[in-house]
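J.: Starting off with a structure, shown below.
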Amino acid sequence: MSVWEKRLIISVIAFCPTLFTEIVVDGLLDEEEWTTAKEISEFYEVYPYSLETGHNDTRILIQENEKGIYFGFINTQVRETIRLNQHQRDQGVRPPIGDQNGVTIDFDNDARTGYRFIVNAGGSINDGVIVNENEGNDDWDGDWKQATAVQDNGWTSEILIPWSIAPMKSVSTEEREIGICFYRLIISEFRVFATCEGSPYQEKFLSIFPKIKVKKYESSQLDIFPYVTFSDDSAAELSDTKGGAEIFWKIDSSKQLNATINPDFGQVESDELVVNFSAYETYYSDKRPFFAENQSLFNIQGYETFYVINTRRIGASPDYNCSNFSGSKADLCNKTQIGTSDIDFALRYIQQTESLDIGFLGASEADENFSQGRDFYALRLRNNSENLTLGYLGTHVDRPVLDREATVHTSDFEYKPNENIRVNGALINSKINSENGYGLRVGFLNNPNKNYSNGVGIYYFDDRIDLSDMGYLWKNDYLMLTGRTQFKNTDLPSSSWSRERNYTLDYAIMTDTDWNKEPSSFSATLDNGFKNFTDLKFKTFYRTSGRDNQITRKYKDSPYIKMPKGYGYEIQYMNMSGKKYKYMANFMRRKGEEYISGLGWNKAYDFLVEYTPTDSISYSIFYQDLQEKDWLNWLENNLLGTYDKRQRLTVAGINWFKGDKHELRLKAQMVAFTARSPKAYLANNFGDLIRADIPIPPITLSDLAFQIRYRYEIKPLSYFYLVYTKGGRVVQYDEEDNLGEIYQRPWDDPETDTITVKLRYRF
């Protein structure tokens, strides 16, 4: 090497040190910049929930630059106890898989939205959003970097969270204060340690985050995600190619604009099989990337009883009115109906400031054969102050086929007078064409110390409120007072076999909006964690007699059924800390259910076994057998039937990973549902069931969802999929009871038998 070349190298080092000190996310923490990083080493034990300190086997280093904020975890641990088990993205939280490091960041430090990032020792990841203090959603996927490395005395992890990953309120200062909580899970001990005094499974979480200050960086980023999907369905004799694109433009730290043409429906993911004969709609979350991205601003707290916006409505089955046609056109209309609508375009804009948040969502569906597409609009406003938040959410849906316009206005608030008390609520008005309906929810939570919490809620929804066009409502026409009291005990004597006991009392007192008594429920739960890292849960409930005003679908001549009291118990035992084997067993016996009345007794048992012979492969099997005498099922008008019901569910899975790029999954879900010994009843207008000499058939239902999925990660958020899917639902009116035969029916006569190839790429 010449003297000139040596001088050039020395000059580059002197004037451009960042070229040589920039952090590389490889899990090693060997860059010089880590020596000047902020350090956190004070942890609380949050599972068991002792909140003990003094744990000095974990250190966290924090560094930042214009790219983002870096976290380095140094985990001291005996090498033989480290669990490296890999898992699919967004699995591995409950139950946990592998040892884990995680961080949840509240970028606005307002306890409204937290972004969660988790990496386990094997390099698998989980990310999601936490809203309303402790409600988690894993459907959101972010672009962040992570890596892990194992040493003789433990393991380390490195995480980079870009400033562009989430919208942040604009601030006038040079620094931004964020709320942040780190955690570490040691699965061999089934212990969790965190830098905040809580977890997402406690009533208070986001509001107790420690604060740190970081430099305010302005970031702008434009991502374009084109996708193309080819599918060939041999069962339907249909081949289809779809393509589209999604644009995610972060204008600056506080503004984001998203747009899509023919959004990605995520055909490679399927919903869990649910057999539902009740009057209550099953709620499914939305896994489509466009609708999962930064949707938390539009969330109104409903504790799963209602959602003002349920984006699964957008692109759902088209509206049809085949009665508008006659003859062959009517027949063709009925035969050619499809299960999903194409979306021409969708748009979402979010802007967040220190005092005001603004959001807009709009989507327009394409016209289908014999149907016109729907139009969806939503406007969100939220005013923020230190202790009080006031908000408005309005939605409008135009459904031309049904000549129906649906508008919903919602006003919501949250008030925090001090760190222990939280009051929130929402007032809702729906207007369907010219008919108005009203709803109300108010909640109160008091969490004075680590051991005790108490919450009370009031719900009122009249018989005319309807959120079904763009939202979801569990039921209408009810008034309910509900509450929960929890007590945790971790101060147990050293001689005790237990390390934590949780006591929970739940109640729900209900009437309809005319003050007619509906069944009310009361339950008590004991959850006991043992020192051998197993867990035993016992639950018992009592449900009063009263009216069920939903089962007959409000038929005018029999608007309700009088239901008897119910009671029962449930026992669950699990061990999720085993190195190669994890298992769970559950048994219940009850008359009715906690929130659903029943005529007769039912019993159920289920078990889960998971076997992980290596870090990169796992096998699992879940089986459930539910039997119920005198199962009551609505048939039509005021005609109901009772049956001897039996439901068997089998879920089997195999997961294989090759590094952090390749993933192969096999999953089979099978349901065998039988209803035997049918007896017909007619309901009168006093709620009585009168035995009727009307022949009704037995029911045999078979449901299958079988899938083999290969996924290759080209780069972050860019994937290639090859998927084979087979399954469907078969309903027959016979006495078949052979489990193998029932499982075989949808395999021999599937509704779908599809090979799908999909490419989604990020530019």
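The values are calculated or read from the model by the stated rules, or taken from the named source; none is laboratory data. Computed from a predicted structure; not experimentally measured. In this analysis, Cβ positions are derived from the backbone assuming ideal geometry, glycine residues included, and neighbour counts consider all displayed protein chains.
J.: Return yes or no: is Glu52 surrounded by fewer than 21 Cβ atoms within 10 Å (Cβ to Cβ), modelled with pLDDT under 90 and within 28 Å of Gly198 (Cα to Cα)?
T.: So Glu52 passes the test.
J.: Is it the case that Val731 is out of contact with any Pro (no Cβ under 7 Å at 6 or more places or on another chain) and in contact (Cβ under 8 Å) with a residue 40 or more places away in the chain?
T.: So Val731 does not fit the description; no.
J.: Within the range 676-763, considering only strands (runs of 3 or more DSSP E) that don't extend past its boundaries, which have at least 2 residues that are under 28 Å from the mean Cα position of the chain (by Cα) and closer than 18 Å to Asp232 by Cα?
T.: In the range 676-763, the matching strands (runs of 3 or more DSSP E) lie at 699-715, 718-732, 752-760.
J.: Could you tell me which of the residues Tyr452, Tyr460 is of a type outside the set (A, V, I, L, M) and in contact with a Leu (Cβ under 9 Å, 6 or more places away or on another chain)?
T.: None of the other options fit; the residue is Tyr460.
J.: Please find, among Asp233, Asp240, the residue that is touching a residue at least 40 places away in the same chain (Cβ under 8 Å), of a type in the set (D, E, K, R) and over 23 Å from Glu133 (Cα atoms).
T.: Unique residue meeting the criteria: Asp233.
J.: Could you tell me whether Gly128 is in contact with a Pro (Cβ under 6 Å, 6 or more places away or on another chain) and farther than 19 Å from Glu64 by Cβ?
T.: no
J.: Restricting attention to the range 602-640, which residues are of a type in the set (Gly, Ala, Ser), surrounded by fewer than 21 Cβ atoms within 10 Å (Cβ to Cβ) and in a strand (DSSP E or B)?
T.: Once the filter is applied, which keeps residues that are of a type in the set (Gly, Ala, Ser), surrounded by fewer than 21 Cβ atoms within 10 Å (Cβ to Cβ) and in a strand (DSSP E or B), the range 602-640 yields Ala604, Ser620.
J.: Ok, one more. Can you list the strands (runs of 3 or more DSSP E) found entirely within the range 140-227 that contain at least 3 residues being touching a residue at least 24 places away in the same chain (Cβ under 8 Å) and more than 26 Å from the chain's Cα centre (by Cα)?
T.: Correct list: 145-151, 154-162, 175-186, 211-215.
J.: When the range 540-569 is examined, which residues are found to be surrounded by fewer than 19 Cβ atoms within 10 Å (Cβ to Cβ) and under 30 Å from Ser620 (Cβ atoms)?
T.: Thr540, Tyr569
J.: Related question: For residues in the range 303-313 being in a loop (DSSP other than H, G, I, E, B) and within 27 Å of Ala346 (Cβ to Cβ), which is nearest to the chain's Cα centre (by Cα)?
T.: So the residue we want is Glu304.
Matching residues to (1) farther than 17 Å from Tyr472 by Cα; (2) modelled with pLDDT of 95 or more:
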{"position": "Thr353", "(1), (2)": "yes, no"}
{"position": "Asp367", "(1), (2)": "yes, no"}
{"position": "Gln372", "(1), (2)": "yes, no"}
{"position": "Tyr377", "(1), (2)": "no, yes"}
{"position": "Tyr392", "(1), (2)": "yes, yes"}
{"position": "Thr395", "(1), (2)": "no, yes"}
{"position": "Leu402", "(1), (2)": "yes, no"}
{"position": "Tyr415", "(1), (2)": "yes, no"}
{"position": "Asn420", "(1), (2)": "yes, no"}
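J.: List the strands (runs of 3 or more DSSP E) inside the range 30-74, counting only whole elements, that have at least 3 residues being of a type in the set (A, V, I, L, M, F, W, C) and touching a residue at least 12 places away in the same chain (Cβ under 8 Å).
T.: 58-64
J.: Can I ask one more? Being within 24 Å of Lys645 (Cα to Cα), crowded, with 18+ Cβ neighbours inside 10 Å and touching an Asp or Glu at 6+ places or on another chain (Cβ under 7 Å), is that true of even one residue in the range 686-693?
T.: No, because not a single residue in the range 686-693 is within 24 Å of Lys645 (Cα to Cα), crowded, with 18+ Cβ neighbours inside 10 Å and touching an Asp or Glu at 6+ places or on another chain (Cβ under 7 Å).
J.: To continue, here is another question. Which condition does Asn532 not pass, out of (1) within 30 Å of Met574 (Cα to Cα); (2) surrounded by 16 or more Cβ atoms within 10 Å (Cβ to Cβ), if it passes all the others?
T.: (2)
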